[in-house]
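Quick notes on the structure that follows.
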Amino acid sequence: MPFPFSALVFDLDGTLIDSAPDMTRVLNRTLAHFDRPSLTEAQVRTMVGDGSAMLVRQAFAATGAALDDEATQPILRHYLDRYFEDEEASALYPGVTETLTALAERGVRLGLCTNKPERISRKLLDALGLAPLFGAVAGGDTLPVKKPDGRHLSWVLERLGADPQTPNAAMIGDNGNDVKAARAVGVPVVAMSYGYPRMPVEELGADVILDHFADLPSALERLAAR
């Protein structure tokens, strides 16, 4: 029996990888370089999801004076360069590799739509052995827009050959930006409960909420049967 969805688009941070420890480690290097105190991982988790520039602004606002746009740029470059150079392995959530591989083997086309910069996202996918599974990747700097703008998601779907106007594509993420982008495009959305939602996951408005990534294929089959 064919799988009911021909294309699936995934968020990265908080959906496929638990990157908060990585971002905390690298962000604290940047904060130290600019004579700011460190942040805890718990603090950083509340700042994830809106892209690297917003992350840097929030981090500096939390550790002293806020930054204007001009002051943000050199600090952002420092953070992104340190992140790209970072060699410590990111942690995949349980079941991610096996589930994505099984979906790809069933003919499902996989895409990535993340607000993390594209070069860092591609490096992480490659380091984790996931890059061959993804037919399209859009980072937060790939287009002039990013999530929650639906055009970010639509761009990925188009490159996967999926028609956003049909119900055979879905978005899988963990926070409000993922849900809003999916709603803007008109595709169903699954939210993973273990990520960085910044609000009760039940209030995100997703069609399905999952605690375990390995449950995704069966959940999507049930969703399609509704």
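In summary, helices (runs of 4 or more DSSP H) completely within the range 124-226 and bearing 1 or more residues that are over 21 Å from Asp22 (Cβ atoms) and hydroxyl-bearing (Ser, Thr, Tyr) occur at 150-159, 216-225.
Yes/no per residue for (1) touching a residue at least 40 places away in the same chain (Cβ under 8 Å); (2) surrounded by fewer than 16 Cβ atoms within 10 Å (Cβ to Cβ):
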| position | (1), (2) |
| --- | --- |
| Leu8 | yes, no |
| Ala32 | no, yes |
| Asp50 | yes, no |
| Ala53 | no, no |
| Phe60 | no, no |
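The single condition from (1) more than 23 Å from Ala225 (Cα to Cα); (2) touching a Leu at 6+ places or on another chain (Cβ under 7 Å); (3) not polar (S, T, N, Q) that Ala91 fails is (2). Of the residues making up the range 59-75, those that are closer than 10 Å to Arg36 by Cβ and part of a loop (DSSP other than H, G, I, E, B) are Thr63, Gly64, Ala65.
Any chance the range 207-214 includes a residue that's modelled with pLDDT of 95 or more, open to solvent by 40 Å² or more (accessible area, probe 1.4 Å) and over 21 Å from Leu103 (Cα atoms)? No, there is no match, as no residue in the range 207-214 is modelled with pLDDT of 95 or more, open to solvent by 40 Å² or more (accessible area, probe 1.4 Å) and over 21 Å from Leu103 (Cα atoms).
Okay, residues lined up against (1) touching a Phe, Trp or Tyr at 6+ places or on another chain (Cβ under 8 Å); (2) part of a helix (DSSP H, G or I); (3) more than 18 Å from Ala131 (Cα to Cα); (4) not small (Gly, Ala, Ser):
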| site | (1), (2), (3), (4) |
| --- | --- |
| Arg77 | no, yes, yes, yes |
| Leu80 | no, yes, yes, yes |
| Phe84 | no, yes, no, yes |
| Glu87 | no, no, no, yes |
| Pro94 | yes, no, no, yes |
| Thr99 | yes, yes, no, yes |
| Leu103 | yes, yes, no, yes |
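Yes/no matrix, rows are residues, columns are (1) buried (at least 22 other Cβ atoms within 10 Å of the Cβ); (2) in contact (Cβ under 8 Å) with a residue 40 or more places away in the chain; (3) within 17 Å of Leu12 (Cβ to Cβ):
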{"residue": "Leu128", "(1), (2), (3)": "no, yes, yes"}
{"residue": "Ala131", "(1), (2), (3)": "no, no, yes"}
{"residue": "Gly140", "(1), (2), (3)": "yes, yes, yes"}
{"residue": "Pro148", "(1), (2), (3)": "no, no, yes"}
{"residue": "Val156", "(1), (2), (3)": "yes, yes, yes"}
{"residue": "Met171", "(1), (2), (3)": "yes, yes, yes"}
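Could you tell me whether Gly205 is touching a residue at least 24 places away in the same chain (Cβ under 8 Å) and within 16 Å of the chain's Cα centre (by Cα)? No: the conditions fail for Gly205. Considering the range 34-48, the residues that are farther than 13 Å from Tyr196 by Cα and open to solvent by less than 60 Å² (accessible area, probe 1.4 Å) include one that is nearest to the chain's Cα centre (by Cα), namely Leu39. Of everything in the range 62-85 that is out of contact with any Lys or Arg (no Cβ under 7 Å at 6 or more places or on another chain) and among the charged types (D, E, K, R), the residue that is least open to solvent (accessible area, probe 1.4 Å) is Asp81.
Within the range 64-107, the set of residues being out of contact with any Pro (no Cβ under 9 Å at 6 or more places or on another chain) and hydrophobic (A, V, I, L, M, F, W, C) comprises Ala65, Ala66, Leu67, Ala71, Ile75, Leu76, Ala89, Leu92, Val96, Leu100.
The values are calculated or read from the model by the stated rules, or taken from the named source; none is laboratory data. Keep in mind that what you see is a predicted model, and the values were worked out from it rather than measured. So basically every Cβ, Gly included, is an ideal-geometry build from the backbone, and we count neighbours across all protein chains shown. All accessible areas refer to the heavy atoms of the entire protein, side chains included, with ligands and DNA or RNA removed. Shrake-Rupley method; radii C 1.70, N 1.55, O 1.52, S 1.80 Å.
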